[in-house]
1. Mind checking whether some residue in segment 216-225 is within 26 Å of residue 115 (Cβ to Cβ) and touching a residue at least 40 places away in the same chain (Cβ under 8 Å)?
2. For segment 568-606, give me each residue that is among the hydroxyl-bearing types (Ser, Thr, Tyr) and either over 23 Å from residue 513 (Cα atoms) or in a strand (DSSP E or B) (or both).
3. Within segment 514-532, which residues are open to solvent by 60 Å² or more (accessible area, probe 1.4 Å) and part of a strand (DSSP E or B)?
4. Restricting the search to segment 178-193, which residues are surrounded by fewer than 21 Cβ atoms within 10 Å (Cβ to Cβ) and under 34 Å from the mean Cα position of the chain (by Cα)?
5. Kindly establish whether residue 204 is under 23 Å from residue 116 (Cα atoms), part of a helix (DSSP H, G or I), out of contact with any Leu (no Cβ under 7 Å at 6 or more places or on another chain) and open to solvent by 60 Å² or more (accessible area, probe 1.4 Å).
6. Looking at this structure, is residue 51 in contact (Cβ under 8 Å) with a residue 60 or more places away in the chain and crowded, with 20+ Cβ neighbours inside 10 Å?
7. Working carefully through the options 511, 477, find the one that is in contact (Cβ under 8 Å) with a residue 40 or more places away in the chain and in a loop (DSSP other than H, G, I, E, B).
8. Just checking, how many residues over segment 71-93 are touching a residue at least 60 places away in the same chain (Cβ under 8 Å) and either open to solvent by 50 Å² or more (accessible area, probe 1.4 Å) or in a helix (DSSP H, G or I) (or both)?
Amino acid sequence: GERWARHWMDVARYADTKGYVFREDREYHEAYKYRDWLVDAFNSDLAYDRFVTLQLAADLLAQDDDYRDLPALGFLTLGRRFLNNQFDIIDDRLDVVSRGLMGMTLACARCHDHKYDPVSQADYYSMFGVFLNTQEPGGEPWPHRLADAEKERASHILIRGSPRSPGERVPRQFVGFLSPEQKPFGAGSGRVELARRIVVDGKPLTARVMANRIWMRLMGDSLVESPSDFGTRCPQPVQSDLLDQLAIEFVESGWSMKQLIRMIVSSDVYQQQSLDRPECSAVDPENAFYWKMNRRRLDFEALRDTLLATTGQLDRTLFGKPVKIQQAAVAPRRTLYAYIDRQNLPSVFRSFDVASPDAHSPRRAQTSVPQQGLYLLNSSFMAELASRLAVQARQRSAKQDEEQAIGWLFERVYQRRPTAEELPLLTEFVRGYRPPSSPVRVERWIYGFAELAAEADRLDGFQRLMNFTGKAWQGGPALPDKTIGWCLLTAEGGHPGNDAQHAVVRRWIAPRDGFVHVAGKLQHKSDKGDGVRGSLFAAGQLQGQWTAKADEQSTSAGPLEVREGDTLDFVTDCIGGPSHDSFTWKVRVRYQGERSRQWRSDQEFSGPLPERLDVWTQLTQALLAANELATID
């Protein structure tokens, strides 16, 4: 259920946020209940015709106040909000219904008759009328519920798609070429009738579309070249008889998705090896006739979950609120439960080809880009997983010997023993490893506190802040710290300590000789208290000083001469007392004549330097990052 729910979430353009909506709340609160409904639907083998119908009209089909299926409406309601433009929202819903369920590019007829398929502009606005007569009441027990409009709204063909140019009125009804009798829908929005037409009148097409999607997910390639467009521009599938067979058996099984999956995975074609057969590849190099299994990479969710499972960290708990998996070194929840921010999709998701939640996604791209390898080599997620598994290998090495420990580790990761060629190389690496003497990473920014002398022109006794929370450097795990008070530094600013002896210091270390320019703004928002003072020291010499109270001060300086290893200290103190002294001070440093290379305090804010990985952790990470784990072969 969790695996196939994620596949369907690509179809349904799922996200936990609305996208850009000005100052409106961006969250889709409780959106995750749609995801959980999908998991349960696949696990319980909900018949596909019912699966479709509930996602279009669960609110209209609820009986006796049983609203358990209301989250199914997330298929329609959790799309992008388009700055709340009603026409674009409806167009998006028509697109996800027509392409996602019927393999039709209905949205192409918004401004004119479809150029290739037998879909008129009247067909588009007939279907448009269904959603024009649907409203979002929200509220309990599901904040994204729908309801039919109390008063019928007429749907008109919009000339060239412009709301300012209404044309002929059209009835709410199904696409003409799939329903030649053209019987208009009855009272209400028509969503129940639309759903039934899709799974009855459109049965041959609807069944083929889903059968093709299931085949694609299992076999690594689709029978129909464009999984969401079965129109005339789509090439006739080579295996059209096979697609017909799958669709017929799908319907005759009672629309059982599990039965269709079972039939495919128990077949001879699915159980083939992925090895090349020269006599076959000479005739069919594209493997259109499936004479072997396609070799393919794990998608991001499966790869991340495999890494967690292999290292014994995977949390198998079903259902629940989303988790921002990129904000912790190891968030053990299955990747299905990751928080999906439509406007700011994390870079790791984009690097590994996760479907964009902005629109319906027929299939994912499969790219090989450097960012993927760099993530597997350099991320704290991989380092933490490798270190946890390496502990067990190291313990086995102490009790047995390196070869036995390596064999155990190799089998744990790849489910096979190392070959006679591999084992000596791995053993030589472990036994011959000598750690380099150079540091893991050169520090460019350091975070601490110091005493600002009485004249405020000298800085004494710099000490590092020792506690990093994941978002801030501070004196201890809680504020105020009993020793140094309110000292706090974040990516954008912070809070000074209680007195001049505990001014917070953001220190930049010069990488080479030269002249630098400094730019920034010191901001203090509160009209209470006595404000804050910012001081800039270069190699211990005061270069500038600014006071901010309920305002913003420019903090530019330069050119300042620095030698390699010299420091620029951006110091903030409380002046008289620490009350209401939260501040923002983002600065950037650049060498004279080098505008393209700048050091930015907010973008380069970081936690403590990582410890160097020992030999067992490095070996473990190398095994986890290799293609063998990431490839379905």
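The values are calculated or read from the model by the stated rules, or taken from the named source; none is laboratory data. This structure is a prediction, so every number in the text was calculated from the model and none was measured. Positions of Cβ are generated from backbone atoms using ideal geometry, with glycine treated the same way; all protein chains shown enter the neighbour counts. Each accessible area value is taken on the protein alone, full model and side chains, heavy atoms only, with ligands, DNA and RNA left out. Shrake-Rupley method; radii C 1.70, N 1.55, O 1.52, S 1.80 Å.
1. Yes - at least one qualifying residue is present in segment 216-225.
2. Restricting attention to segment 568-606, the residues satisfying the condition of being among the hydroxyl-bearing types (Ser, Thr, Tyr) are 572, 579, 582, 584, 591, 596, 601, 606.
Within segment 568-606, 572, 579, 582, 584, 591, 606 qualify.
3. 515, 521
4. 192
5. So residue 204 passes the test.
6. So residue 51 passes the test.
7. 511
8. 12
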